[in-house]
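Only one structure is covered here, and it is reproduced in the block below.
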Amino acid sequence: MLQRFFIFCSGADTDILEQCSSGEKTKYAGIGATVFFTAVMATIAASFALFTVFDNLYTSIFFGSIWGLLIFNLDRFIVSTIKKSDSFFDELIQASPRILLAIIIAIVISKPLELKIFEKEINQVLLEEKNEMTLANKDQLALQFNPSIEALVNENELLKKEIVDKELEVNALYDTYIAEAEGRKGTEIIGKGPVYKEKRDKHDAELAALQELRKVNGEKMAINEATMAGLTADYQKKVAETQPVIDGFDGLMARVNALNKLPWLPSLFIFLLFLAIETSPIIAKLLSPKGAYDLKLAEQEGAVASWVTQQKAQRDILVTTDREVNNRVYADIAEEQELYDYKRKKARELMQLQADAFYKKQKSVL
């Protein structure tokens, strides 16, 4: 039962193979088993690849099974269409498109399994890329907010400097009127005279101006601080909103790109393994000698080709003969006087009817 199933997988003609030896049946059962297990590996690989896309087990298994059936059908078709001939070079030319297709299928099958085999290494590469993307994302978002924040910081620094300058000016006025009172500068007269009062009034006026400046600039700096806090909050919000996109950067394409950044030698070995599996049925048919199955199949196809050629030749002769007979029949009829007189009579009647119709039409117009 299992042998019959694998023979079916090989695409061989079971009616012809039943007439062959057990060795021929075993050979094609082995080819069919290779085709079957290649399709199983394709189903597993496709299911895993689709699971990284859909993140749903049942959906991945369903579409992976469809992909496995497609690979099974292609492999079965490739193996069944390779015919043995007397020239190995002709067989190789015949099989070259199939070998190219087998290489493509091997690449498609091996790549998802490589993603699973090197999953830990790929995750490490993706983690490094996500960290780099996070930093780059923060720097890029900072470009939107930093100019405004820096402008507000500079404005606060100017406001603080304005207060400090005013304080230095007020302190200088304080030292001036104290020195006048002590007789160290100005009039150099000890006591609180008119000059002292003038300098004291100027100091008091500037001190009041300093208090007002502190109040006004303090309010401005408070507003700027609140604005900077809002901008910082918006920046943090933007970072938080965009971070899930970076965290979700582990799809199929990202994993394939991460795989390409790993050393290529292990991936090459896995690809060569699947290439050997995929091309083994074709190579087996190319290297195996022409057996009883191939001879019987060639005989059957030759018999069908001969019968088709014979039927075509008979149809061509039938058409040629029928055409010659028809030509002779119509040539004999053309010589009969009776047929000529009859057609002459009918032509006369037709011309009369046409003349009567033309007369009636012209008369109605007038």
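Values computed for the structure shown
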quantity	calculated
Given (1) under 60 Å from the mean Cα position of the chain (by Cα); (2) at pLDDT below 80; (3) part of a helix (DSSP H, G or I), index of the condition T309 fails	(2)
Criterion violated by L275 - all others in (1) free of Cβ contacts under 8 Å to residues at least 60 places away in the same chain; (2) surrounded by 11 or more Cβ atoms within 10 Å (Cβ to Cβ) satisfied	(1)
Checklist (1) at pLDDT 80 or above; (2) under 19 Å from L275 (Cβ atoms); (3) surrounded by 16 or more Cβ atoms within 10 Å (Cβ to Cβ) applied to L70, failing item	(3)
Where E128 falls short, out of the listed (1) surrounded by fewer than 18 Cβ atoms within 10 Å (Cβ to Cβ); (2) in contact with a Phe, Trp or Tyr (Cβ under 8 Å, 6 or more places away or on another chain); (3) not hydrophobic (A, V, I, L, M, F, W, C)	(2)
Filter result (touching a residue at least 40 places away in the same chain (Cβ under 8 Å) and within 24 Å of L273 (Cα to Cα)) within the stretch 33-66	T34, V35, F37, T38, M41, A42, I44, A45, A46, F48, A49, T52
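The values are calculated or read from the model by the stated rules, or taken from the named source; none is laboratory data. On a predicted model such as this, the values are computed, not experimentally measured, just so you know. Here the Cβ is made from the backbone with ideal geometry for all residues, glycine too, and neighbour counts use every protein chain on show.
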